[in-house]
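Please treat every number below as a calculation from the coordinates, not as lab data. Please read all numbers here as calculations on a predicted model, not as lab measurements. Neighbour counts are summed over all protein chains in view; Cβ atoms, including those assigned to glycine, are modelled from backbone coordinates with ideal geometry.
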Amino acid sequence: MKLLIVDDDSAQLDIRKLIFEQHGFEVETAANPFTARMLMDDFAPDTVLMDLRLPDPGDGLDLISALRGRARIVVLSGFPGDLDGHPHREWVHGIAAKPARTEQILKLLLA
């Protein structure tokens, strides 16, 4: 499965990339929404695991809008309540609050 991880924290990107590669995923990373959009065309992931605040919640919401229908979207956020009341909540396949255990994230990715 192809997985795109989007987070503005480079240390988290590196760690998650290693973890999910060890679980058999083909992984690309993006540190911002612009790069994520480019990789959608070049890499064509099945699933996107993304932070919501990139660095602002609006950046994540805009990215969800752009990715809608192109890949499964799983949000990993320290502020999962940012999606409350937004139609974007219906467009994501799962939400995990940071810090999240790898097993929890894997369940969302494979559901």
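Take every Cα pair under 8 Å whose residues are at least 6 apart in sequence, average their separation, divide by the length of the chain, and the relative contact order is 22 percent. Between the beta carbons of residue 1 and residue 101, assuming R0 = 22 Å, the FRET efficiency works out to 0.70 to the nearest 0.05. Taking 0.36 nm per residue of sequence separation and removing the Cα-Cα distance, the residue 37/residue 12 pair yields an extension gain of 7.1 nm.
What FRET efficiency do you get for residue 19 and residue 90 if R0 is 35 Å and r is their Cβ-Cβ distance, rounded to the nearest 0.05? After rounding to 0.05, the efficiency reads 0.80.
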